[in-house]
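K.L.:
Below: one structure in C-alpha cells.
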Amino acid sequence: MRDSAEDRLGRLRSVRRPTRQSVVLPLVFASCLLVLTSALGATADGLRGFLLSLPFGLACFALLAIHAMRQRDLRIEVHDSGLVVHRGRARDVIVFEDVDELWFELERRYLPAGELALIRAVRLVEHGGAKHTVPLYVELGYEITRHIVRHCSLPLAADAEKALRAGETLTFGKVRLDAQGIILGQSRAAWKDLRLVRMQPSRIVFFRGQTVIPWRTVSVDKVPHPTVFMNLVRACAPRIEVDDPLASQME
C-alpha cells in the first residue's frame, strides 16, 4: 500500500507566515479608500453625495479587509519533500514527487528605472491534474520558491538537455524547442538565425535578423517549468543578453 501524502512530506524544515506588510498595507489602503470616496462624495453633493458614495466605499473596504484577514490566516509548512499550505481551516498537502508542471504567477510593477516582476505565487499541477497554488507573500518567500524549483524543475533539466541533443522536440505550453530552433505557434526560427535573445523581467525577447524589433516575446508566466525553459534557451541561442533583476530568484 502506498504511503499517504502526509507520510511522504519528509522532515519539517520551517513554518512561514505572512509578512506584516501583506496584512497591514491592504487594511491601510482600504481605510484610505473609504475616507477618500466618502470625502469626494460629500464634496460633490454635500450630505446626499456622502450617503450615495458611502456604500461603495464600505464595499471596497470590506473586500480589501476580508482579503487581508484571509492573508493573516495563511501558514505554509515547508518539508523536505513537500509543502502544506494552511488557509484558516483549509489544508492543502503538496508532495513534490507528484508534481508534473510548475508555473510562476507574476506581479508586474513599473518603476522609473524600468519594469520589476515579482513572483507572487507558484502554481503546481499534479500528474493527475490536481492544481495547487502556493502564495509567496510570506516570510522569506523567495526561499520557498527556490525549494520548489529545486525539487520540481531542477531534476528535469539534465534529461531535457539530453532529449534536445538526441533530436527530440520539447513542448513548453505553446512553445516548442528542438536542437535546430524554436517554434512559437506557426512561426519557427532557427537558433543560428537569432541575432539576440534578451532576458527581461517577466519575459524573454527573441530578435531574428536584427536587434531592434523583436521577432517574438515569451512571457515567463506562460510556460511551465520556466527555469528549465530559460536554461535550454541559454544553451541553444548564440547570443544572450540578461536584463532581469529577478534572475537570482529564478535560478
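The values are calculated or read from the model by the stated rules, or taken from the named source; none is laboratory data. Note that the structure is predicted; figures quoted are calculated from it, not measured. Neighbour counts are summed over all protein chains in view; Cβ atoms, including those assigned to glycine, are modelled from backbone coordinates with ideal geometry. To get the accessible areas, we keep the full protein, side chains included, count just its heavy atoms, and leave off ligands, DNA and RNA. Shrake-Rupley method; radii C 1.70, N 1.55, O 1.52, S 1.80 Å.
K.L.:
Which ones in the range 139-198 are among the hydrophobic types (A, V, I, L, M, F, W, C), under 22 Å from Q210 (Cα atoms) and either in contact (Cβ under 8 Å) with a residue 40 or more places away in the chain or exposed (fewer than 14 other Cβ atoms within 10 Å of the Cβ) (or both)?
P.N.:
Those that are among the hydrophobic types (A, V, I, L, M, F, W, C), under 22 Å from Q210 (Cα atoms) and either in contact (Cβ under 8 Å) with a residue 40 or more places away in the chain or exposed (fewer than 14 other Cβ atoms within 10 Å of the Cβ) (or both): V175, L177, A179, I182, A190, W191, L194, L196, V197.
K.L.:
Which condition does F172 not pass, out of (1) of a type in the set (F, W, Y); (2) in contact with a Leu (Cβ under 6 Å, 6 or more places away or on another chain); (3) under 24 Å from L102 (Cβ atoms), if it passes all the others?
P.N.:
Going through the list (1) of a type in the set (F, W, Y); (2) in contact with a Leu (Cβ under 6 Å, 6 or more places away or on another chain); (3) under 24 Å from L102 (Cβ atoms), F172 breaks only (2).
K.L.:
Continuing with this model, one more query. Conditions first: (1) open to solvent by 20 Å² or more (accessible area, probe 1.4 Å); (2) assigned to a strand (DSSP E or B). E97 passes all but one, so which condition is the exception?
P.N.:
Only one criterion is unmet by E97, namely (2).
K.L.:
Next up: Among the residues of the range 200-230, count how many are touching a Ser or Thr at 6+ places or on another chain (Cβ under 9 Å) and of a type in the set (A, V, I, L, M, F, W, C).
P.N.:
Here the count works out to 6.
K.L.:
Is one or more of the residues making up the range 232-246 under 30 Å from V78 (Cβ atoms), in contact (Cβ under 8 Å) with a residue 60 or more places away in the chain and either part of a strand (DSSP E or B) or polar (S, T, N, Q) (or both)?
P.N.:
No, every residue in the range 232-246 fails to be under 30 Å from V78 (Cβ atoms), in contact (Cβ under 8 Å) with a residue 60 or more places away in the chain and either part of a strand (DSSP E or B) or polar (S, T, N, Q) (or both).
K.L.:
For V134, indicate whether it is under 21 Å from L12 (Cβ atoms), in contact (Cβ under 8 Å) with a residue 60 or more places away in the chain and among the aliphatic types (A, V, I, L, M).
P.N.:
no
K.L.:
Next question, about the same structure. Among the residues of the range 106-130, which ones are modelled with pLDDT under 95, open to solvent by 40 Å² or more (accessible area, probe 1.4 Å) and under 19 Å from K222 (Cβ atoms)?
P.N.:
E107, R108, R109, L116, L118, R120
Yes/no matrix, rows are residues, columns are (1) touching a Phe, Trp or Tyr at 6+ places or on another chain (Cβ under 9 Å); (2) within 24 Å of H151 (Cβ to Cβ); (3) at pLDDT 95 or above; (4) surrounded by fewer than 15 Cβ atoms within 10 Å (Cβ to Cβ):
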{"residue": "R203", "(1), (2), (3), (4)": "no, no, no, no"}
{"residue": "F207", "(1), (2), (3), (4)": "yes, no, yes, no"}
{"residue": "V220", "(1), (2), (3), (4)": "yes, yes, no, no"}
{"residue": "H225", "(1), (2), (3), (4)": "yes, yes, yes, no"}
{"residue": "R234", "(1), (2), (3), (4)": "no, yes, no, yes"}
{"residue": "D244", "(1), (2), (3), (4)": "no, yes, no, no"}
